[in-house]
Every structure is written in structure tokens, then in C-alpha cells.
Amino acid sequence: MNEIQRFKEEILKDYPRLSEDDSFTFSCHPGVPCFNNCCRDVNIFLTPYDIIRLKNRLGISSQEFLDRYTLLPFDKNLKYPVTLLQMSEDESKACPFVGENGCTVYEDRPWSCRMYPLGMASPREEDKAVEKEFYFLLKEDVCEGFAEKKEQTIREWLIDQGILDYNEMGEYFKDLTLHPFFEKAENLTPPKIEMFFLVCYNIDKFRRFVFDSTFLNKFEVDEEVLDKIKQSEVELLKFGYQWLRFSLFGEKTMKVRTDVLEDKKKELKMKQKLK
Ligand code: SF4
Ligand code: SF4
């Protein structure tokens, strides 16, 4: 069992399960003695939506963002590719976005930075340990925010930290990452890993893949959907998730054009004749 799995077991066994109506006492502001201390030497997994928000905030492409700010850890136990925010390589191991006055990308900071000190556990189809989504508190020794007197419900925290949009997009991502395919201990093949990475982490390249390749000759896509994905990266990402569910798990989330299907059938017949 690796460290992440051990931590998950500990949460499921020992941490009080909180709902959105439960309250906790915490506040983080420039006046706390530990201000900025937690923005270093920390593992921040980036969601696809985090990357869109951050690369737009910085005015760079998704490829440039990946090259400059992320680590792509390789671990044979990982079911799908993940991206981590890269901390500086010097002694400080600081987040690239921490400044003297706090987070320099605050309005677009990643989901996990918004959530802290809350964690969230979601149910999986094959794993009955979590029947219903719940929240839990992560109390780090270095964090003095718990000594502050501000009380709020979890719901208030989620709204105050701008987490609702992130959670909505997170639901689409979870449909992929918590898919029964992975629960059956199946691994993605290298081409499928590339597809996953393209959609989830490199949205600018995925846009070129959709509009500058033969993609739209192969699939039936409504005009309305086309308009939306041309105008909005968030819509393009949702569309990408549909395509991934079709290509990775064989779900009927995309419609192959009938002429392409006919050609495929002919090709198959030819191959069978030649055998
Ligand atoms: S993104 Fe902002 S809040 Fe998150 S670790 Fe970096 S500086 Fe801190
Ligand atoms: S350690 Fe806690 S209180 Fe201190 S800056 Fe980080 S989140 Fe805020």
C-alpha cells in the first residue's frame, strides 16, 4: 500500500465526516503568523479546469503552462496521467505563484488551494467505503488558521472561496477518473494515455486536434455544439470528456458518421477476403 492509499484509509476510518451544513472554525488572512508558509513544498494536483484558469490568467498556451509550471510524475500504479504544480528547485521549494503579499494568481488559484483546510471524499461504484460524498478537515501542524475565531459552515466556505464552479467541472472529471473501467484494475494503453492527457491537460492542442484534423469528418457533431466548443474552452473540455468516454471506455457518447461506418465495414470485408 502506498502513502496515498494509507492516507485514504486513515481518512475513511478516523476523520469525522462533515456535510455542507456542518461548521468549522478557521480563517486565513495576511495577519496570521504562518501567512504564505503553506505555499511551498506541497503536492498540488492540478485538475483540467485548474489548468485552463491558470494558463488564461498567465496569458500563455496550455503547452507553455505544462512546460513551465508542471511536473508529470510517472508511477506504474497510476491509472491515468496526473499533473502536479512544480515547486521551485531551490531550498525554499516555493510555489511559482507565491508573492510577498500572498498568492499572485488568487482569483484563479487551483481547486486544492481553495479547498484547504477542507478535503472531499466521493463515492465510487465498486467501493462501498464512501456511500455519500463527505467533507473532512485537514489540520496541518504548521497552520495557525484554526486558532482564528471565524466560524462558518462548509457551504459558506465553498461559496466564499469560489469553489462551486470548480466542483461542477470536477464532477465531469470524476466521471472519467472514478469510472468502473479503472476500478476493474484496467490500465490505459499508451495511445489512450496520450488521448487522456491531450483532452485533460492540453486544451489548446486538443482544439487544434478537433478543428484542424479529420476529427469532424469522422463524428457527427451538432451545429449548436460546434458553436459552443468554438467559443468556450470549458465547453470544449466537456466535449473532450464525451470523446474520452467514447474512445477509452466504449460508451455511446459520440456518433460516428454513417459514411465512415460504411467505409470501415468495406475495409473489414476486404481484409477478411484477403485472409
Ligand atoms: S497557487 Fe497560490 S494559493 Fe496555491 S500554493 Fe501557489 S501561491 Fe499558494
Ligand atoms: S498555513 Fe493555514 S493559516 Fe497559514 S497561510 Fe496557510 S492556510 Fe493560511
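Just one of the numbered conditions (1) within 14 Å of ligand 2 (Cβ to nearest atom); (2) basic (Lys, Arg); (3) outside any loop (DSSP other than H, G, I, E, B) is not true of residue 139; which one?
It is condition (3) that residue 139 fails.
Somewhere in segment 145-155, is a residue surrounded by fewer than 17 Cβ atoms within 10 Å (Cβ to Cβ) and under 23 Å from the mean Cα position of the chain (by Cα)?
Here is the first cut: in segment 145-155, the residues surrounded by fewer than 17 Cβ atoms within 10 Å (Cβ to Cβ) are 146-153, 155.
Narrowing the set further to residues that are under 23 Å from the mean Cα position of the chain (by Cα) leaves 155.
Yes, because at least one residue in segment 145-155 is surrounded by fewer than 17 Cβ atoms within 10 Å (Cβ to Cβ) and under 23 Å from the mean Cα position of the chain (by Cα).
Return the pairs, sorted by first residue and then second, in which the second residue is surrounded by 15 or more Cβ atoms within 10 Å (Cβ to Cβ) and assigned to a helix (DSSP H, G or I), the first residue lies in segment 202-215 and is without any contact (Cβ under 8 Å) to a residue 24 or more places away in the chain, the beta carbons are less than 8 Å apart, and the residues are 6+ apart or on different chains.
209/198; 215/209
Of everything in segment 142-166, what is within 16 Å of ligand 1 (Cβ to nearest atom) and in a helix (DSSP H, G or I)? Give them in sequence order.
Matches in segment 142-166: 145, 157, 160, 166.
Any residue at all in segment 148-158 that's within 12 Å of ligand 2 (Cβ to nearest atom), farther than 26 Å from residue 67 by Cβ and in contact (Cβ under 8 Å) with a residue 60 or more places away in the chain?
yes
Yes/no per residue for (1) within 26 Å of residue 56 (Cα to Cα); (2) of a type in the set (Lys, Arg):
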residue	(1), (2)
183	no, no
197	yes, no
200	yes, no
213	yes, no
234	yes, no
257	no, yes
262	no, no
266	no, yes
272	no, no
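Here is a list of conditions, (1) within 16 Å of ligand 2 (Cβ to nearest atom); (2) modelled with pLDDT of 95 or more; (3) under 18 Å from the mean Cα position of the chain (by Cα), and residue 94 meets all of them except one; can you say which number that is?
Unmet for residue 94, out of (1) within 16 Å of ligand 2 (Cβ to nearest atom); (2) modelled with pLDDT of 95 or more; (3) under 18 Å from the mean Cα position of the chain (by Cα): (3).
Report yes if some residue within segment 217-227 is surrounded by 12 or more Cβ atoms within 10 Å (Cβ to Cβ), of a type in the set (A, V, I, L, M) and touching a Ser or Thr at 6+ places or on another chain (Cβ under 9 Å); otherwise report no.
Checked segment 217-227: no residue is surrounded by 12 or more Cβ atoms within 10 Å (Cβ to Cβ), of a type in the set (A, V, I, L, M) and touching a Ser or Thr at 6+ places or on another chain (Cβ under 9 Å).
For segment 72-105: of the residues being surrounded by 14 or more Cβ atoms within 10 Å (Cβ to Cβ) and among the polar types (S, T, N, Q), which is nearest to ligand 1 (Cβ to nearest atom)?
Across segment 72-105, the extreme among qualifying residues is 104.
So which residues in segment 40-59 are buried (at least 16 other Cβ atoms within 10 Å of the Cβ), in a loop (DSSP other than H, G, I, E, B) and at pLDDT 95 or above?
Residues satisfying the conditions are 44, 46, 47.
Would you check if there is a residue in segment 47-60 being assigned by TED's automatic domain parsing to the domain that holds residue 134, more than 16 Å from ligand 1 (Cβ to nearest atom) and basic (Lys, Arg)?
no
Would you be able to tell me the number of residues in segment 97-106 that are touching a Lys or Arg at 6+ places or on another chain (Cβ under 8 Å), in a loop (DSSP other than H, G, I, E, B) and within 15 Å of ligand 2 (Cβ to nearest atom)? So that I can check it myself, show each step before the final result.
Let us first name the residues in segment 97-106 that are touching a Lys or Arg at 6+ places or on another chain (Cβ under 8 Å), namely 97-98, 103, 105.
Of the ones still in play, those that are also in a loop (DSSP other than H, G, I, E, B) are 97, 105.
Right, trim to within 15 Å of ligand 2 (Cβ to nearest atom) and you get 97.
Summing the residues that are touching a Lys or Arg at 6+ places or on another chain (Cβ under 8 Å), in a loop (DSSP other than H, G, I, E, B) and within 15 Å of ligand 2 (Cβ to nearest atom) in segment 97-106 gives 1.
The values are calculated or read from the model by the stated rules, or taken from the named source; none is laboratory data. Quick caveat, the model's predicted, so the values are computed rather than measured. Every residue, glycine among them, receives a Cβ derived from its backbone with ideal geometry; neighbour counts consider all protein chains shown.
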